Amino acid sequence: MSALINAKSIGKSYEGREIFSNVNFSISSGDHIAVVGPNGAGKSTLLKILAGLEEADIGEIFAQRNLTISYVAQSTEFSPNESVSGLLRQAAKRSGVNSTLLDSEVSKILSLIQIHDPDKTVEKLSGGWRKRLAIGIALIKA
């Protein structure tokens with residue numbers, strides 16, 4: 001089975017402080033992975049590098065063509081008065097979803113993240129449901 005992602009000798013430093021070095025791994029279809037380590041070890045930084053949001057100082061990442069990698073931040077800020085469906089629609093529009101497919105795309109994502117009240121505002125969502133919303137937005141962008 002060919003790898004979806006291969007990372008070779010990845011390294012990252014901030015202001016002269018090495019965060020990690022010589023990180024090597026591959027991820028294949030069907031793999032289940034966890035990125036585990038103490039605070040400040042570079043877990044989020046590594047994921048941002050994989051998603052293309054940051055660059056490694058050294059090393060290379062090879063991703064299978066047409067593979068989309070999204071990153072969901074640990075904390076996400078949403079306008080408290082926005083509705084779930086409103087935020088998903090905005091994300092879909094920004095991602096270029098055809099206006100005739102907008103409602104079906106939003107419905108599909110709502111089903112995936114199991115939010116059953118699309119008119120609920122962000123301020124009424126718990127932290128866990130807000131995280132599901134952030135994942136839904138990342139899925140739309142993918």
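Among residues of the range 33-51 being outside any helix (DSSP H, G or I) and small (Gly, Ala, Ser), the one that is nearest to the chain's Cα centre (by Cα) is 51. Among what's in the range 4-31 and is of a type in the set (Lys, Arg) and within 24 Å of residue 67 (Cα to Cα), pick the residue that is surrounded by the most Cβ atoms within 10 Å (Cβ to Cβ). Looking at the filtered set, the residue picked out is 12. Residues considered: 9, 13. Of these, the only one that is of a type in the set (Ser, Thr, Tyr) and either assigned by TED's automatic domain parsing to the domain that holds residue 108 or out of contact with any Asp or Glu (no Cβ under 6 Å at 6 or more places or on another chain) (or both) is 9.
Among the residues making up the range 37-71, a single one is free of Cβ contacts under 8 Å to residues at least 24 places away in the same chain, touching a helix residue (DSSP H, G or I) at 6+ places or on another chain (Cβ under 9 Å) and within 23 Å of residue 137 (Cβ to Cβ): 53. Of all residues in the range 114-121, none satisfies being part of a helix (DSSP H, G or I) and out of contact with any His (no Cβ under 8 Å at 6 or more places or on another chain).
For the range 52-69, the condition holds for no residue, the condition being that it is of a type outside the set (S, T, N, Q), touching a strand residue (DSSP E or B) at 6+ places or on another chain (Cβ under 7 Å) and in a helix (DSSP H, G or I). Note on the range 82-121: residues that are surrounded by 12 or more Cβ atoms within 10 Å (Cβ to Cβ), acidic (Asp, Glu) and touching a residue at least 12 places away in the same chain (Cβ under 8 Å) total 3. Is it true that residue 24 is in a loop (DSSP other than H, G, I, E, B) and in the same structural domain as residue 58 (by TED's automatic domain parsing)? In short, no.
Does residue 34 count as surrounded by 11 or more Cβ atoms within 10 Å (Cβ to Cβ) and either touching a helix residue (DSSP H, G or I) at 6+ places or on another chain (Cβ under 7 Å) or modelled with pLDDT of 90 or more (or both)? Here the answer is no, as residue 34 does not meet what is asked. When residue 48 is tested against (1) surrounded by 11 or more Cβ atoms within 10 Å (Cβ to Cβ); (2) touching a Lys or Arg at 6+ places or on another chain (Cβ under 7 Å), just one condition goes unmet, and that condition is (2). Against the criterion of being closer than 20 Å to residue 69 by Cβ, modelled with pLDDT of 90 or more and touching an Asp or Glu at 6+ places or on another chain (Cβ under 7 Å), residue 134 does not qualify.
The values are calculated or read from the model by the stated rules, or taken from the named source; none is laboratory data. Being a predicted model, the structure only gives us computed values, none of them experimental. We place every Cβ from the backbone using ideal geometry, glycine too, and count neighbours over all the protein chains shown.
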